[in-house]
1. Considering every residue within segment 149-157, establish whether at least one is assigned to a helix (DSSP H, G or I) and of a type in the set (A, V, I, L, M, F, W, C).
2. Can you name the strands (runs of 3 or more DSSP E) wholly within segment 2-66 that have at least 3 residues being at pLDDT below 95, in contact with a Gly (Cβ under 8 Å, 6 or more places away or on another chain) and on the phi > 0 side of the Ramachandran plot?
3. Collect the residues in segment 72-82 that are of a type in the set (Val, Ile, Thr) and assigned to a helix (DSSP H, G or I), keeping them in residue-number order.
4. Among the residues of segment 116-145 satisfying the criterion of being of a type in the set (A, V, I, L, M) and touching a Pro at 6+ places or on another chain (Cβ under 7 Å), which is farthest from residue 42 (Cα to Cα)?
5. Give the residue, chosen from 147, 99, 190, 103, that is in contact (Cβ under 8 Å) with a residue 60 or more places away in the chain and not aromatic (Phe, Trp, Tyr).
6. From the list 60, 39, pick out the single residue that is of a type in the set (Lys, Arg) and without any contact (Cβ under 8 Å) to a residue 60 or more places away in the chain.
7. Against the conditions (1) farther than 18 Å from residue 40 by Cβ; (2) within 17 Å of the chain's Cα centre (by Cα); (3) assigned to a helix (DSSP H, G or I), where does residue 85 fall short? Just the number, please.
8. Just one of 131, 136, 209 is farther than 27 Å from residue 67 by Cα and within 15 Å of the chain's Cα centre (by Cα); which is it?
Amino acid sequence: MKKDALTDITIIDVYDNVELDPNFERGFGFGCIVKLKDKNILFDTGSDSPTLLANMKKAKIKPADIDIVVLSHIHGDHTGGLLGFLEKNSNVEAYVPISFPSSSKNRIKQTGAIVKEVKGPIEITNGVYSTGELGTFIKEQSLIINSNKGLIIITGCAHPGIVHIIETAKKLMKENIYLAIGGFHHPQASVVKEFKELGVKKVAPSHCTGNPAIEAFAEGYRENFVKSGVGKIIKI
């Protein structure tokens, strides 16, 4: 894959069940915005659009500012806010796993948005990639950003296994992992050792990671643990 290392990246958690900034509303699910120099990406949309849109407003992000939407997988706590968002801005490309039901893809198309079906690894925009669909029973894609500090991996729920996702990203890009962020799907505490063996420098787990695993990451990563949750802003 072509690899352009990006600078000036901002990631804002705009939907999460993990509380961080009390000025932001909590809801079960996950959604974040990736601000780049020339594009803004909405990765997942949480469970409902009122919460998503209210948090975007608090983050001073207008729906019209978003160029690309990426949905990790079909579950409602990651897609529930989509149609309400598209009512505000359908002038976007929506990257969805090819396994999404036709009915879901058609509803997106009916809003005027362009649907891009993802099967294998692809470049979404300059320096930003999808892992492609991973997993068996639950198909899921994750986002890879090639930053000048290393790869940033953003996961929705990590149903295919967070370690498998990290391994896949490293194999695809042949770069070190600078940051893993998002839902890690209740891994065992031993995942911290696996992350370190894979050379993951920083972690920012939230959503479905679960408190025991988050505590294990905090203890194992210390100064390289990034406390995350709704309202979190990470600048790279």
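1. no
2. Of the strands (runs of 3 or more DSSP E) lying wholly inside segment 2-66, none has at least 3 residues that are at pLDDT below 95, in contact with a Gly (Cβ under 8 Å, 6 or more places away or on another chain) and on the phi > 0 side of the Ramachandran plot.
3. Residue satisfying the conditions is 79 alone.
4. 134
5. Only one candidate passes the filter, namely 147.
6. 60
7. The one condition residue 85 does not meet is (1).
8. Testing whether each residue is farther than 27 Å from residue 67 by Cα and within 15 Å of the chain's Cα centre (by Cα) leaves just 209.
The values are calculated or read from the model by the stated rules, or taken from the named source; none is laboratory data. Source: prediction; values computed, not measured. No Cβ is skipped: glycine too gets one built from the backbone with ideal geometry, and neighbour counts run over all protein chains shown.
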